[in-house]
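Worksheet: one structure, shown below.
The values are calculated or read from the model by the stated rules, or taken from the named source; none is laboratory data. These figures come from a predicted structure and were not determined experimentally. With ideal geometry, Cβ positions are generated from the backbone for all residues, glycine too; neighbour counts draw on all protein chains shown. Protein only, heavy atoms only, side chains kept; ligands, DNA and RNA dropped before computing areas. Shrake-Rupley method; radii C 1.70, N 1.55, O 1.52, S 1.80 Å.
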Amino acid sequence: VKITGPEFNQGAICEPILRSLPDWFGIEEANRQFLLDIENSSTLIAWEDDRPVGFLTIKKHSTYSAEVAVTGVLPEYHRRGIGTQLIAAAEAYLRSQGIEYLQVKTLGPSHPDPYYNRTRAFYEKVGFRPLEEFSQIWNAENPCLIMIKRV
Ligand SMILES: CC(C)(COP(=O)(O)OP(=O)(O)OC[C@H]1O[C@@H](n2cnc3c(N)ncnc32)[C@H](O)[C@@H]1OP(=O)(O)O)[C@@H](O)C(=O)NCCC(=O)NCCS
């Protein structure tokens with residue numbers, strides 16, 4: 001696939017991808033926030049020919065650190081290396097900006113959800129490491145794991 005961006009205002013392109021993943025993005029209130037983040041932050045798009053098949057949104061937090069705010073790949077395109085390509089493109093961009101650390105917040109391992117179990121496996125494979133699980137950031141039902149990697 002070809003990766004373009006990062007660019008702002010990518011909400012319309014990414015919304016169908018977000019909506020194709022209800023097992024991960026099933027809370028409407030959270031989805032609205034994700035779409036605002038996609039629209040207002042730097043977003044990379046993965047294209048197969050003219051079809052957008054994946055995206056990754058980056059938020060910068062300081063001179064040294066940034067966050068993967070949200071990412072997703074169409075389900076029929078999973079396990080083809082597209083998520084890995086998006087992370088690599090994000091890291092190349094962040095390095096060019098002098099960023100040293102990249103974090104991601106995801107559902108923690110104390111929650112039994114099988115889908116986020118796979119998400120954590122993906123992040124570990126691309127080099128993120130679990131830093132700490134918090135029950136206070138989201139809520140007791142949704143423990144938040146912060147993962148981090150040096151870019
Ligand atoms: C997470 C996601 C973006 C990964 O994209 P992807 O293109 O499928 O990932 P890749 O093909 O680059 O996977 C790289 C490696 O990660 C690991 N991995 C990825 N998906 C996995 C799964 N479902 N189960 C176990 N390991 C997995 C594997 O080691 C994989 O390498 P392999 O296929 O050679 O074994 C994609 O699965 C997705 O859209 N998930 C739903 C949304 C989500 O979880 N978003 C993140 C939370 S904001």
Exercise. Would it be correct to say that residue 25 is in contact with a strand residue (DSSP E or B) (Cβ under 8 Å, 6 or more places away or on another chain), in contact (Cβ under 8 Å) with a residue 24 or more places away in the chain, not in a strand (DSSP E or B) and not β-branched (Val, Ile, Thr)?
Worked result: yes
Exercise. Within the set of pairs 6 or more residues apart or between chains, which connect a residue that is assigned to a helix (DSSP H, G or I) inside the stretch 117-145 to a residue that is within 11 Å of the ligand (Cβ to nearest atom) and small (Gly, Ala, Ser) with Cβ atoms less than 8 Å apart?
Worked result: 122/83
Exercise. In the stretch 58-81, which residue that is of a type in the set (Val, Ile, Thr) and without any contact (Cβ under 8 Å) to a residue 40 or more places away in the chain is surrounded by the fewest Cβ atoms within 10 Å (Cβ to Cβ)?
Worked result: 63
For this session: Please find, among 41, 110, the residue that is in contact with a Phe, Trp or Tyr (Cβ under 9 Å, 6 or more places away or on another chain), of a type in the set (Gly, Ala, Ser) and either open to solvent by 80 Å² or more (accessible area, probe 1.4 Å) or more than 9 Å from the ligand (Cβ to nearest atom) (or both).
Result: 41
